[in-house]
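The values are calculated or read from the model by the stated rules, or taken from the named source; none is laboratory data. Model, not experiment: these values are computed from the prediction. Every residue, glycine among them, receives a Cβ derived from its backbone with ideal geometry; neighbour counts consider all protein chains shown.
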Amino acid sequence: MPATQVQSEVVVAALQLACRAPSLHNSQPWRWVATEHSVELFADPARLVRSTDPSGRESLMSCGAVLDHFRVAMSAAGWKTTVERFPDQDDPLHLATIEFTAAPVSEEQTRRADAILLRRTDRLPLAAPPDWARLASTFSEDAGSGAVRVHVVADEFRCSVAKASQLADALRLYDSDYHSELSWWTADFVASDGIPPSSLITAAESDRVDVGRTFPVFAQPERRRELDDDHSKILALSTETDSGDSVLRCGETLSAVLLDATMAGMSTCTLTHITEVPASRDIVASLLPSDAIPQALVRIGLAPAVGATPPPTPRRPIEHVLQIQRPSNT
């Protein structure tokens, strides 16, 4: 049966929503091609954050997140998606071919797509999530295929994770290329990518968060003073291998976890600096089952109801990431 054609306007709208997906330093390392009967996802090597992610592993995970976001957006538009991952053995940058079948839309699918716009990376201290045991049980369902596992890091191991976070920063203290890259992606002149100052935290705020990447500090009034420390819970996402397929699927699972948490009213912060450095990655691995390779951690907690919601981080214009290769009337 031939694949169903979806109107270009529907695809463009879904991709504009999907590209709200998180990525390393908001680098948005993806490229899309809409053909007559499919949408193709490619990694964009020009968007690699090379000193931080020399292997491209986190770039691939970011592409997995945007792939899942796209499927969520298309579901809310009335289209079921079928994905073939790495469809071209001769082109490792060709990550997925997505085809479509018309399907009814549930209220849950609509809420999930709405969560894409509500999600923010929250680097500030967070309160403990209420009813954590019930909420945590939902995240294991996000692993889906079994190639990815979601682990709840027990509170007793929090200190070990904090030490791993500090070690990752210490081992890069004199890495000038890494710090130059951080400064570039957090410069206040960026308009369509990178991390704006409004999404970063002050030195005093950072002192109250024990697990987090150290970014350049911007001066601004201190927020959430009512929280002396960060009381978020931590999840670890792992795979059995570092293969491209496993890492891509891990990004898809990360997207699912973030959207589930957002739908539950929680704030989240994805952490990958710990898994970028072998020594700190090994510390996290020692807290997980023996065959688990940690790929990313996520802080999940409750943001106080008072206080302004930070503005969304910028995104590249859709015409910079999408090429349409189909007749103009479709």
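From the list Leu237, Leu227, Leu254, exactly one residue is assigned to a loop (DSSP other than H, G, I, E, B), of a type in the set (A, V, I, L, M, F, W, C) and within 22 Å of Leu124 (Cα to Cα). Which is it? Reasoning before the result, please.
Details: Leu237 fails: assigned to a loop (DSSP other than H, G, I, E, B); Leu254 fails: assigned to a loop (DSSP other than H, G, I, E, B).
From the options Leu237, Leu227, Leu254, the qualifying one is Leu227.
One line per residue, one yes/no per condition, for (1) on the phi < 0 side of the Ramachandran plot; (2) modelled with pLDDT of 95 or more; (3) under 17 Å from the mean Cα position of the chain (by Cα):
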site	(1), (2), (3)
Ala191	yes, no, no
Val209	yes, yes, no
Pro221	yes, no, no
Asp230	yes, yes, no
Thr253	yes, yes, yes
Leu258	yes, yes, yes
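For segment 264-305, the set of residues classified as among the acidic types (Asp, Glu) and either touching a Cys at 6+ places or on another chain (Cβ under 6 Å) or touching a residue at least 60 places away in the same chain (Cβ under 8 Å) (or both) consists of Glu276 only.
The set of residues from segment 48-84 being surrounded by 23 or more Cβ atoms within 10 Å (Cβ to Cβ), closer than 30 Å to Tyr174 by Cβ and free of Cβ contacts under 8 Å to residues at least 60 places away in the same chain comprises just one member, Ser59. Of the helices (runs of 4 or more DSSP H) lying entirely inside segment 104-183, those containing at least 3 residues that are at pLDDT below 95 are 132-139. Please find, within segment 120-150, the residue that is surrounded by the fewest Cβ atoms within 10 Å (Cβ to Cβ) out of those that are of a type in the set (Lys, Arg) and closer than 12 Å to Ile300 by Cα. Among residues in segment 120-150 that are of a type in the set (Lys, Arg) and closer than 12 Å to Ile300 by Cα, the one surrounded by the fewest Cβ atoms within 10 Å (Cβ to Cβ) is Arg120. For Thr81, the test of being farther than 20 Å from Arg249 by Cα and not in a loop (DSSP other than H, G, I, E, B) is failed.
Within segment 260-282, the residues that satisfy the criterion of being under 16 Å from the mean Cα position of the chain (by Cα) and either in a strand (DSSP E or B) or among the charged types (D, E, K, R) (or both) are Asp260, Ser267, Thr268, Cys269, Thr270, Leu271, Glu276. Quick one: would you say Ala296 is within 27 Å of Leu171 (Cβ to Cβ), of a type outside the set (Lys, Arg) and in a strand (DSSP E or B)? The answer is yes for Ala296.
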